[in-house]
Each structure stands twice: as structure tokens, then as C-alpha cells.
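Below is one structure; the comments refer to it alone.
Here, each number is a calculation from the coordinates, and none is a lab measurement. Just so you know, these numbers come straight off a predicted model, no measurement behind them. Every residue, glycine among them, receives a Cβ derived from its backbone with ideal geometry; neighbour counts consider all protein chains shown.
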Amino acid sequence: MPHITSTTASPLNSTRRTWALRALALTVLVSAAVMAMKPAAADEDSEREQLARISYELQRLQSMVDEASRRAPTGQRISFRYEWLKRDLALVQRGVDDHLDAPRQPRAIPPLRGEYRQ
């Protein structure tokens, strides 16, 4: 984990720090929500609702990271790697969405004809 040090107390650094803290807080909330799910006790609809909420929160988090990335100062000796965070969030988002988009029931397969000789 990179260590970010601030040499000045400019409003830009304060804003950047605020965005980073918000992103961290939302990440912790999403993680807590995932860990709080108890698959054995939760029914399927409840799990889907929770995963849909996590997906929504991940989208909000991605927007926050995009905004923080746009506002980040350039030319610093040590900078936060927003692109890495964006890729990781996209990977988690894709996993949650893939699970949500998966069919709930096995799909119907048309019956085979069975008679291949004339």
C-alpha cells in the first residue's frame, strides 16, 4: 500500500484527502456488506437484493474514484494509482453482475429426436 505524505496544507490536498477517505469508507462498507451475508441463512431473493445493492454501491464508488482521479494533482513524487483501483473495482463489479445476470433456473433444453436412421 503506497504511503501518501502531504507537504502542504493546500485546499487541493485537503480535497484529495477527502475523496480518498470517502472512497475508503465506501470500500469498507461494501466489504462489510459482503461479509455480513450469510448464504446458509439468507434466501435467494434476499441475496440477490443484497448483491444488487452492492453493485449499485460499487458504481457509486467508481464515480467517486473517477472524480478523485480528475482532481488529483499532477507532478507529485508519490501519487495514488487510481487506474489500478479502477481496474480492481471493475473486476469486482463484473463478478457481482455476472452472478446477478446468471439464470436462476437451469434453462430448458429441447428434446432430442432420437431416431437417426431412415
Worksheet item: Distance in nm between label sites at THR18 and ARG48, each 7 Å beyond Cα in the beta-carbon direction?
Response: 4.0
Fill in: Listed peptides 44-51, 77-84 by packing density, highest first (mean Cβ within 10 Å)
44-51, 77-84
